[in-house]
Amino acid sequence: MRTWDIFCKVVDNYGDIGIAWRLARGLVGEHGLAVRLWVDDLHAFQRIWPAIDANAAGQACEGVTVCAWRTPFAAAEPAQVVIDAFGCALPEAYLAAMGEQSPPPVWINLEYLSAEPWVAKHHGLPSPHPRLPLTRYFFFPGYTPDTGGLLAEADLDARRAAFVQRGTVAFWRQLGLQAPPPGELRVSLFAYENPALPALLDAWAADPRPITCLVPEGRVIPQLAAWLSVPTLQAGASHRRGALRLRILPFLDQDQYDHLLWACDLNFVRGEDSCVRAQWAVRPLVWQAYPQADAAHWDKANALLAHYTEGLDGAAARAVSAMWRHWNGMPDADDLAACWTAWRSHQAIIEAHAVAWCDRLRLAGRLTDKLVDFAENKIKFGVFPNS
Ligand code: TRH
């Protein structure tokens, strides 16, 4: 059985571990590989997967061997395939041990996802290590077939379809909620602090139809509390302002969060992993890119937007673009209330587009399959040190 090591440093938030965990589960469950996942922050991991013991040096979970990545790093024999997630810099001792292996491990840096056109050109490029007889390959996830594709389980569609077919009553009950009454719009909100949030909440409160907004506990809570003029908000809190009911949820585990995305009519998502999951949810979404100092996230948001709105009717495409641009702090002619009204009036077209978009997404291929093919290819034809 092939051995794989995945290294993950939690920079901040949950995207790094969220993606590494999804990948590890997929490699074990779908490809039968022996996977060790090294994580430097098991507390963050536990938030998205509560079965994780945050204090264990090693533990088995869902068939993955989860190891605490501690400093100094205890000696470990390198695996045949080594992934450093998002350029997280492998421990020196481990790297030195990799350099002594013959043949050397296939070493892959799993990069961040972007829809920008340069991604395809960089996908798969090698970079020789300056000292050791090792080559590191850059693997770029992406939205087109000439990239590393997207994370998605082979049975994702089937699970989602079964969930939708069963009906969402039981799911809502689990969260302590009634099923949405006819005409209500149910929205999930996962966001970073956002200056546009109060205007959006105002627009929702003024909507002619009822809106329920569900917010898993997180960074946006203080802003919501300020808008409601309440000192604090905790899971279970529920407040009404005009047409809007705001309801705070506990932070869900990764699978339950998928269910939330599948059950809502519209999902506000952020970062990387929740954005992809919202697309696979076959529902409209509004994406907040991870904010970067030089506004590089605007390029990212615009690149995905350009791709996403292709084939969407002109006025509906403008409504989607305006919402996304506002939500990412980009200058836009209309105010947020006008954007929301436009979005609302094109909702049916945007919903239909979410289905068509998913069909296009599938053409990019599944990241786990592509990563395994990539690594197997290198193993078969050889990793050429310093080439
Ligand atoms: O948490 P994020 O903001 O992570 C970010 C991004 O990945 C960004 O690209 C990266 O550079 C930065 O971290 C360091 O957003 P993201 O990527 O959507 O990850 C959130 C994860 O949390 C995802 O796996 C879904 C999961 N999640 C839950 O499991 N339960 C929940 O209730 C919610 C809201 C999310």
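Observations on the structure shown:
- Around the amide H of LEU249, modelled in the peptide plane, lie the amide H atoms of VAL215, GLU217, GLY236, all under 5 Å away and 5 or more residues distant in sequence or on another chain.
- Surface analysis of the chain yields an accessible area of 42 Å² per residue, using protein heavy atoms and a 1.4 Å probe.
- Using the Karplus relation 6.51 cos²θ - 1.76 cosθ + 1.60 with θ = phi - 60°, the per-residue 3J(HN,Hα) values for region 36-50 come to 9, 10, 9, 10, 8, 9, 6, 5, 4, 4, 4, 4, 8, 9, x Hz, with x marking Gly and Pro.
- Interatomic Cα distance distribution for the chain, bins of 20 angstrom, percent: 27, 55, 17, 0
- Protection proxy ranking, peptides 154-163, 120-129, average beta carbon neighbours within 10 Å, highest first: 120-129, 154-163
- Rounded to the nearest whole Hz, the Karplus-based 3J(HN,Hα) values (6.51 cos²θ - 1.76 cosθ + 1.60, θ = phi - 60°) of region 169-178 follow the sequence 4, 5, 4, 4, 4, 3, 8, x, 10, 7, with x at glycine and proline.
- The residues packed around LEU336, meaning those with a beta-carbon under 12 Å from its beta-carbon, carry a net charge of -3 if Lys and Arg are +1 and Asp and Glu are -1.
- DSSP-defined antiparallel bridges as percent of all bridges, the chain, nearest 5: 20 percent
- By average C-beta atoms within 10 angstrom, highest first, the peptides 28-41, 171-184, 45-58: 28-41, 45-58, 171-184
- Neighbour net charge for ASP255 - beta-carbon separation under 12 angstrom, K R +1, D E -1: +1
- Of PRO331, PRO291, PRO103, the one that fluctuates the most in a GNM where the chain has Cα springs shorter than 10 Å: PRO331
- Under 5 Å, built H, 5+ apart or other chain: amide partners of TRP38: ILE6, PHE7, CYS8, CYS67
- Take every Cα pair under 8 Å whose residues are at least 6 apart in sequence, average their separation, divide by the length of region 137-256, and the relative contact order is 19 percent.
- Antiparallel content of DSSP bridges confined to region 156-363, in %, to 5: 20 percent
- Region 156-363 - Debye-derived log10 I(q)/I(0), Cα point model, q = 0.13 Å⁻¹: -0.70
- Surface share of carbon and sulfur [accessible, 1.4 angstrom probe, percent] for region 204-295: 52 percent
- Per residue of the chain, the DSSP helices (runs of n ≥ 4 H) give a summed -39500 (n - 2.57) that works out to -12000 deg cm²/dmol at 222 nm.
- Using C-alpha pairs under 8 Å with a sequence gap of at least 6, the mean separation divided by the residue count of region 1-106 gives a relative contact order of 31 percent.
- With contacts taken as Cα pairs under 8 Å at a separation of at least 6 residues, region 156-363 carries a relative contact order of 19 percent.
- The fraction of Cα-Cα pairs per 5 angstrom bin, counted from 0 for region 327-386, comes to 4, 13, 12, 11, 12, 11, 9, 8, 7, 6, 6, 2 percent, rounded to whole percents.
- Counted charge near THR309, where neighbours are those whose Cβ lies closer than 13 Å (Asp, Glu -1; Lys, Arg +1): +1
The values are calculated or read from the model by the stated rules, or taken from the named source; none is laboratory data. Source: prediction; values computed, not measured. Quick reminder, even Gly has a Cβ in these numbers, built from the backbone with ideal geometry, and neighbours come from all protein chains shown. Just the protein is used for accessible areas: all its heavy atoms, side chains included, with ligands, DNA and RNA removed. Shrake-Rupley method; radii C 1.70, N 1.55, O 1.52, S 1.80 Å.
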